1. Nearest 20 debye, what's the magnitude of the dipole of the chain about its Cα centre given +1 on Lys and Arg Cβ and -1 on Asp and Glu Cβ?
2. What are the semi-axes of the equivalent ellipsoid of the chain, taken as the square roots of 5 times the eigenvalues of the Cα gyration tensor, listed largest first and rounded to whole Å?
3. Sorted by average packing, counted as other Cβ atoms within 10 angstrom per residue and highest first, what order do 434-445, 167-178 take?
4. Which of Q160, I235, L489 sits closest to the plus end of the dipole of the chain, meaning its Cα is farthest towards the positive end, when Lys and Arg get +1 and Asp and Glu get -1 on the C-beta?
5. Under the rule of at least 5 residues apart or a separate chain, name every residue whose amide H is placed under 5 Å from the amide H of W144.
6. Per DSSP H run of n ≥ 4, the term is -39500 (n - 2.57); total these for the chain, divide by its residue number, and report the mean residue ellipticity at 222 nm rounded to 500 deg cm²/dmol.
7. Sort out for me the Cα centre separation of segment 441-457 from segment 176-220, rounded to whole Å.
8. What does the charge dipole of segment 100-164 about its Cα centre add up to, to the nearest 20 debye, if the Cβ of each Lys and Arg holds +1 and the Cβ of each Asp and Glu holds -1?
Amino acid sequence: MIDGTQNATTPTNVLFVETNDNYAMCVDKNGIAYGQSYTNPGWSPAPLPSLITSLSFGDTRAAWFISGSAAGDNPVQYVAYIGAPQTVTNVSGVQVSVGTDGEAWVLQSDGSLWRWNTFAAVFEKQASSLTVTRLAVADQNLQWGLDASDNVVQRSLETQTWAVVAPGPGTSKIVDLSAADDGSLYVVTADGSAYLYVGGDQTWMPFGGSDVPLRSLSVCDTAHAWGVAQDGTLIEIGTGSTQAEGSQLAPGTLGWDTQSVFDETKSTHLYLVNRAAQLASTAQSPAGPFVAANLQPMQSPPQAGTFRQALCQGLRDADFLAPYNDPNRLGVATYASHFYDDTTGLNYEGEPEPTALTNGVKFFNLSVAAMRQAQPDPQAGGYNLGLALHYFTDLTQPMHSGNYTYLSSIPLGYHTQFEEYAMGVQATLVPQPTVVGFVPGGVNDPGQLYRAASQHFKATYLDQVIAAHKYFSWYWSPAQWQAAVLQLLPAIFNDSVQNTSQLVYLWATLVQAPHEDFAPEAAGVG
Ligand SMILES: [Zn+2]
């Protein structure tokens with residue numbers, strides 16, 4: 001849009017920021033606009049008038065802005081990205097908001113709403129049944145707003161009327177809102193907190209944690225997102241990585257990294273399960289030898305038997321197949337069931353199920369049942385145990401037991417960075433977990449083991465894992481947070497192997513229990 005011929009300048013005292021997936025612009029406290037393209041990073045002053053009070057662009061055609069010093073409404077103008085001079089439209093207003101498809105709306109100080117008619121090239125006044133005080137246009141099908149009581153409102157496409165959809169989050173007033181590329185709504189409140197609107201029981205999901213109190217934000221997708229801290233510092237919230245883009249706004253992402261079925265150097269889940277199986281194999285007969293014979297730690301095909309092969313497949317499929325990764329309305333995996341915080345009993349979406357507890361216990365029980373048939377089914381037994389162990393080992397990643405997601409950090413994606421780093425160093429830089437000297441924990445209920453893992457890993461490690469990022473992330477070099485995490489990983493991995501071996505041992509014990517001893521209800525196997 002802007003020919004970046006001027007010298008790069010880092011804007012200070014920024015009031016607000018706006019981005020799509022090509023371009024970001026911000027406006028400082030003097031109303032001066034700056035722009036930068038993602039393909040040519042570095043801020044440059046934008047050739048727009050000064051005294052800008054509102055600015056928005058969604059598509060690749062034009063940036064819309066309001067500038068002027070009048071109290072209340074000022075002229076609404078736009079500038080085409082290439083060539084065309086800035087153009088004054090037929091209205092004045094206090095806010096202009098533009099969607100991804102170029103849909104443009106203007107809000108006036110008296111609450112009047114105007115919608116751009118592309119063909120007539122004029123704004124047309126829209127009837128409104130309630131008073132809108134702030135707009136966030138997603139596209140021509142979806143417009144968000146706020147009313148005077150801080151409720152989130154939405155315009156219905158069919159009836160063309162505005163209606164309240166939810167109260168704002170908490171007691172602090174909403175001060176900014178942004179509609180992302182996929183239509184989701186992000187808001188900032190006066191206390192500096194940010195939230196994603198998720199609807200349902202939870203309504204709002206905290207976004208960006210408490211790392212940096214914000215005054216404004218603009219989210220296009222997880223790769224292209226910016227915030228303005230309360231002190232006026234600009235912060236790139238998005239990761240800029242194409243991987244994040246591929247995962248859209250899926251807040252959970254993968255959990256411990258799982259990129260290969262049989263290669264444990266490409267799967268932390270498999271790394272942990274192999275060692276847990278080695279450890280459980282040292283249990284006394286009959287459970288120990290039964291674990292060794294079925295789980296076959298470290299084996300790959302062709303040495304790996306049916307049970308082992310199915311187990312490794314299940315361990316991996318939990319991340320990649322829809323029945324296990326919880327796609328949202330848009331078909332994007334959310335991984336909600338890979339999370340469970342036992343202090344609330346909920347996943348990060350605020351739901352009591354599916355969670356790592358409910359899914360984990362379900363597949364654990366299916367595995368036990370398959371292996372207790374008169375004719376044991378090692379395919380179903382192995383696959384379901386693989387799924388169950390995936391959910392269990394997720395809970396030994398402290399962020400999964402504390403509902404700390406991809407969206408919980410600024411910049412986004414510390415969750416994923418942590419997991420990728422852990423996988424990268426697990427075999428080389430981390431002292432290896434203990435895999436001998438198994439001691440049975442005496443627990444007969446798989447659910448109890450899942451719940452205990454959630455409690456323990458959240459309470460013992462989550463604060464430290466987050467602290468490693470808070471002080472060493474974007475202000476400092478990645479080497480610094482990684483050094484802090486490297487100090488934590490030996491204990492986390494060793495602890496994970498110990499806890500996971502208890503689940504493996506329980507599985508073997510239940511599969512082998514004589515029928516007269518086997519009480520499914522008491523054992524939580526229904
Ligand atoms: Zn997972």
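The numbers here are math on the coordinates, done by the rules we state, and not lab data. The structure displayed is predicted, hence computed values, not measured ones. Ideal geometry is used to build each Cβ from the backbone, glycine not excepted, and the neighbour counts take in all protein chains shown.
1. 440
2. 52, 23, 18
3. Numbers: 434-445: 13.8, 167-178: 17.5.
So the order, starting with the most tightly packed, is 167-178, 434-445.
4. Value: L489.
5. A136, V137, A138
6. When only DSSP H runs of four or more count, the value is -9500 deg cm²/dmol.
7. Here the two parts' Cα centres lie 34 Å apart.
8. On the way: 4 positive and 8 negative charges, 22 e Å.
About 100 debye.
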